[in-house]
Amino acid sequence: MKKTILAIETSCDETGIALVQAEGGFSNPKFKVIKNLVSSQIKIHRPFGGVVPGLAKREHLKNLPLLLKKLQANNYKLLSTIDLIAVTVGPGLEPALWTGITFAQELAKKNKKPLIGVNHLEGHLYSFLLTQKTVSSKFKVQSFPPEADPPLAEKLLFPAITLSVSGGHTVLLLMKNLKTWKRLGETKDDAAGEAFDKVARMLNLPYPGGPEIERTAKKGNPKAIAFPRPMLNQKNYDFSFSGLKTSVFYYLRDKGYSHSGIANSKKLNPIPYTLVADISASFQQAVIDVLIAKTMRAAGEYGARSIILCGGVAANKALRKKLKVECDMSHLTFHVPHMEYNNDNAAMIAAAAYMSLSRKKKYKLEANGDLNI
Ligand code: KG4
Ligand code: ZN
């Protein structure tokens, strides 16, 4: 089953449109990303320290036609060459999701193409399959190169444990194969990325906090402050990051620095840089320790043969590195998306759309902010 898919992603603060060729079905899915366009709204939301839903909606409405035009370049026949359109229906911010859904519906109607809804979390889940870098800026639909790789299933080695960590979700899955999985546990409060963002705010670092904390942590000592490792010793596979975030708050307060909210001004950060670096490093280490301990314990309990890491927080190099080392020590294969596919993008939505087709899974074409995996 070979398909050329145009995918649209507007669940949060990135507007994404991608063109992806897929083939191989479930046994050996292969994706060629022809174009992966992302328009980030970070600068718009930064002054507010987080995503403002109304602004996100306004920006998606503005960006979608611009990105489509860019995708088409001067190839006005492009839309006639695609097989289907895919759009994220949830989870995410509903006003933002609706902009993508409505845009996709109009596009599908105008061009007489089928339209399917995609679960954003399945997008992250399958994003590690997007191994190829974007291949071309021209939009001729090409044939695939001769097949040399072994079938994916052989490389993947099931069962697998998937750790999906983003701004909205933290979930651990046991995957029997590419289409069957079970949720082992998830966060009881804040998602890992959300905790990064909130702690960054306390440290007067700009939004989004994850990359900023990672950068600052490089200058700090991860052992400087013994922040708690929430739920580390509990036998379940759930997570909790709210208490850890509160510990950072109390630590700062006891040092005489309460949140001063200057993250977006040009004023000097009142917290000394060495302290910001030590807190960043120690906080990041606490998050990584919990994520990795639970993932590896699940791998042991369920006899996993590989680990998959995905979601925006999977961009964190310290986490990637540490999990790779753990996998090597335990003789597990480690799969993680290329850097360009960790954060929200439409190429991963195309991949999930193709997998949905293969497993005959259908989502309603309406925004569902709370959709789970
Ligand atoms: O997957 P994503 O783009 O959007 C959601 O679906 O939520 O994830 C965004 C989250 C944000 O919370 C951001 O701070 C976090 O991923 N993030 C990181 C890093 N890059 C992005 N967290 C830690 N380290 C990073 N390098
Ligand atoms: Zn996401």
So which residues in segment 195-253 are part of a helix (DSSP H, G or I) and either among the hydroxyl-bearing types (Ser, Thr, Tyr) or in contact with a strand residue (DSSP E or B) (Cβ under 8 Å, 6 or more places away or on another chain) (or both)? Thr216, Ser242, Thr246, Ser247, Tyr250, Tyr251
Among the candidates Gln72, Gln105, which residue alone is touching a helix residue (DSSP H, G or I) at 6+ places or on another chain (Cβ under 8 Å) and among the polar types (S, T, N, Q)? Gln72
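Residues checked against (1) at pLDDT 95 or above; (2) closer than 30 Å to Pro95 by Cα; (3) under 11 Å from the mean Cα position of the chain (by Cα):
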{"site": "Lys321", "(1), (2), (3)": "yes, no, no"}
{"site": "His338", "(1), (2), (3)": "no, yes, no"}
{"site": "Ala347", "(1), (2), (3)": "yes, yes, no"}
{"site": "Ser356", "(1), (2), (3)": "no, yes, no"}
{"site": "Lys361", "(1), (2), (3)": "no, yes, no"}
{"site": "Asp370", "(1), (2), (3)": "no, yes, no"}
Could you tell me which numbered condition Leu71 fails, if it satisfies all but one of (1) out of contact with any Cys (no Cβ under 7 Å at 6 or more places or on another chain); (2) buried (at least 16 other Cβ atoms within 10 Å of the Cβ); (3) closer than 30 Å to Ala200 by Cβ; (4) not small (Gly, Ala, Ser)? (3)
Six or more apart or on different chains, Cβ atoms under 7 Å: show the pairs whose first residue is in segment 334-345 and within 11 Å of His124 (Cβ to Cβ) and acidic (Asp, Glu) and whose second is assigned to a loop (DSSP other than H, G, I, E, B) and near ligand 1 (Cβ under 9 Å from one of its atoms). Asp344/Ser11; Asp344/Cys12
With (1) within 15 Å of ligand 1 (Cβ to nearest atom); (2) in a loop (DSSP other than H, G, I, E, B); (3) more than 14 Å from Asn345 (Cβ to Cβ) as the list, and Asn74 as the residue in question, which single condition is left unmet? (1)
Single residue of segment 25-51 satisfying the filter (among the charged types (D, E, K, R) and more than 20 Å from Leu357 (Cβ to Cβ)) that is surrounded by the fewest Cβ atoms within 10 Å (Cβ to Cβ): Lys43
Being more than 15 Å from ligand 1 (Cβ to nearest atom), polar (S, T, N, Q) and not in a loop (DSSP other than H, G, I, E, B) is the filter here, so list the residues in segment 1-30 that pass it. Thr4, Gln21
Being more than 13 Å from ligand 1 (Cβ to nearest atom) and at positive phi is the filter here, so list the residues in segment 298-328 that pass it. Gly303
From the list Thr81, Thr102, pick out the single residue that is modelled with pLDDT under 95 and among the polar types (S, T, N, Q). Thr81
Tell me which residues, restricted to segment 100-128, are away from ligand 2 (no atom under 16 Å from the Cβ) and part of a helix (DSSP H, G or I). Ile101, Thr102, Phe103, Ala104, Gln105, Glu106, Leu107, Ala108, Lys109, Lys110, Asn111
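Condition check ((1) within 16 Å of ligand 2 (Cβ to nearest atom); (2) touching a helix residue (DSSP H, G or I) at 6+ places or on another chain (Cβ under 6 Å)) across all residues:
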| residue | (1), (2) |
| --- | --- |
| Met1 | no, no |
| Ile5 | no, yes |
| Ser11 | yes, yes |
| Thr15 | yes, yes |
| Ala18 | yes, yes |
| Glu23 | no, no |
| Lys32 | no, no |
| Leu37 | no, yes |
| Ser40 | yes, no |
Can you spot a residue in segment 284-306 that is among the β-branched types (Val, Ile, Thr), within 16 Å of ligand 2 (Cβ to nearest atom) and crowded, with 16+ Cβ neighbours inside 10 Å? no
Do we have any residue at all in segment 341-355 that's surrounded by fewer than 17 Cβ atoms within 10 Å (Cβ to Cβ) and assigned to a helix (DSSP H, G or I)? no
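The values are calculated or read from the model by the stated rules, or taken from the named source; none is laboratory data. Keep in mind the model is a prediction, meaning the values are calculated, not measured. Virtual Cβ from ideal backbone geometry, glycine too; neighbours counted across all protein chains shown.
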